[in-house]
Amino acid sequence: MVPIPLARGWDLQVERGPEWLFVRPHRVDRTAEDSPAIAEHVWAILEQSFGNRLVLEMGDFDCLDSHLVGELLWLYRKLHARDGMMRICGLSSENQALLKEFRLEERFPPYRNREDAVMNGSRPSQPR
C-alpha cells in the first residue's frame, strides 16, 4: 500500500482487493484541514485501475462537512453512471447522523469495516 499525497496533511492509502478498490484518506498531520479534495483523486485512481467498485474507509474524519459530502455525492454519481458501486465504512455515529440529516443514508448506508461493506451486499450491519 503506497500512500498518495492529497492535501496538506493528508494522503490516500490505496489497496486493491478482488473486484474492489479500498481507499482510506489518512490524516498524517493532526493540524491538517478537515476536508481535503478527494473525489477527483479517487476517480483518477479508479480509472487507472479500471475499477468500478470502491470502499472508502472514512475513520479518520472527525466531522464531515458539506463540501466533503458534495464530493462523496460526485464520486457516487460517477460510479453509478458506470454501473459501479461505492460503499463507505468507518464513519462515526456523528457523521452517520449528518448523512441522515442530508437524507443520504440510502446512498451511503453505514458499514463498520471493509469486510462488512464487501460481504454484506446491499444490507449494512445493524448495531447490536
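The values are calculated or read from the model by the stated rules, or taken from the named source; none is laboratory data. These numbers were taken from a predicted model, which means no experiment stands behind them. With ideal geometry, Cβ positions are generated from the backbone for all residues, glycine too; neighbour counts draw on all protein chains shown.
Tabulated results
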{"read-out": "Condition check for Leu73: touching a residue at least 24 places away in the same chain (Cβ under 8 Å) and crowded, with 20+ Cβ neighbours inside 10 Å", "value": "no"}
{"read-out": "Residue that is under 21 Å from Glu15 (Cα atoms), touching a His at 6+ places or on another chain (Cβ under 9 Å) and at pLDDT below 95, where the choices are Ala37, Ala44", "value": "Ala37"}
{"read-out": "Search result, residues across the range 88-115 that are under 15 Å from Val23 (Cα atoms) and either crowded, with 18+ Cβ neighbours inside 10 Å or acidic (Asp, Glu) (or both)", "value": "Ile88, Cys89, Gly90, Leu91, Tyr111, Arg114, Glu115"}
{"read-out": "In the range 71-112, the residues that are part of a strand (DSSP E or B) and among the basic types (Lys, Arg)", "value": "Arg87"}
{"read-out": "Residues of the range 14-26 classified as part of a strand (DSSP E or B) and without any contact (Cβ under 8 Å) to a residue 24 or more places away in the chain, total", "value": "1"}
{"read-out": "Single match in Leu68, Leu64 (criterion: assigned to a loop (DSSP other than H, G, I, E, B) and either in contact with a strand residue (DSSP E or B) (Cβ under 7 Å, 6 or more places away or on another chain) or surrounded by 13 or more Cβ atoms within 10 Å (Cβ to Cβ) (or both))", "value": "Leu64"}
{"read-out": "In the range 77-128, the residues that are in contact with a strand residue (DSSP E or B) (Cβ under 6 Å, 6 or more places away or on another chain) and modelled with pLDDT under 90", "value": "Pro124"}
